[in-house]
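Okay, so here's the structure we're looking at.
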Amino acid sequence: MITLRFDGDDRRDLLDTLIEAVRITAETGERPSVKVGGQLYPGYELVRVARLLPDYELQDHHAAKVAEMFQWPQHGYIRTAYNLAIQAAQIVGANKERRVLPRKL
């Protein structure tokens, strides 16, 4: 199991950690855990991590990073963080669907 760490003071930079979590999920099929300031969040609780971000508009460098990941424009850190957490969950769900083998009758 992979654990990402965030020890920064500016919670806007936590968005980079969530972007990395989505990338790892796409590569491995499992959501990584995230440790934020000593608190460990399991991979299935990425939405709780998203709640830690401030409700500010995205800075240009973060907007550019997420523009590559989404087909629609993102607005605000917390909404974008929620979308990233949901995307990671969808990747896991899609991988589980593909692993299900048909039952023999």
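The values are calculated or read from the model by the stated rules, or taken from the named source; none is laboratory data. Keep in mind that this is a model prediction, so the values were computed, not measured. In this analysis, Cβ positions are derived from the backbone assuming ideal geometry, glycine residues included, and neighbour counts consider all displayed protein chains. Each accessible area value is taken on the protein alone, full model and side chains, heavy atoms only, with ligands, DNA and RNA left out. Shrake-Rupley method; radii C 1.70, N 1.55, O 1.52, S 1.80 Å.
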Unit charges at the beta carbon, dipole of the chain: most positive-side option, His62, Gly43, Asn95:
Asn95
Accessible area of the chain belonging to carbon and sulfur atoms, whole % at 1.4 Å probe
50
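How much length is gained if the chain between Asp7 and Thr28 is pulled fully straight, taking 0.36 nm per residue apart and subtracting their Cα-Cα distance, in nm to one decimal?
Between Asp7 and Thr28, full extension yields 5.1 nm more.
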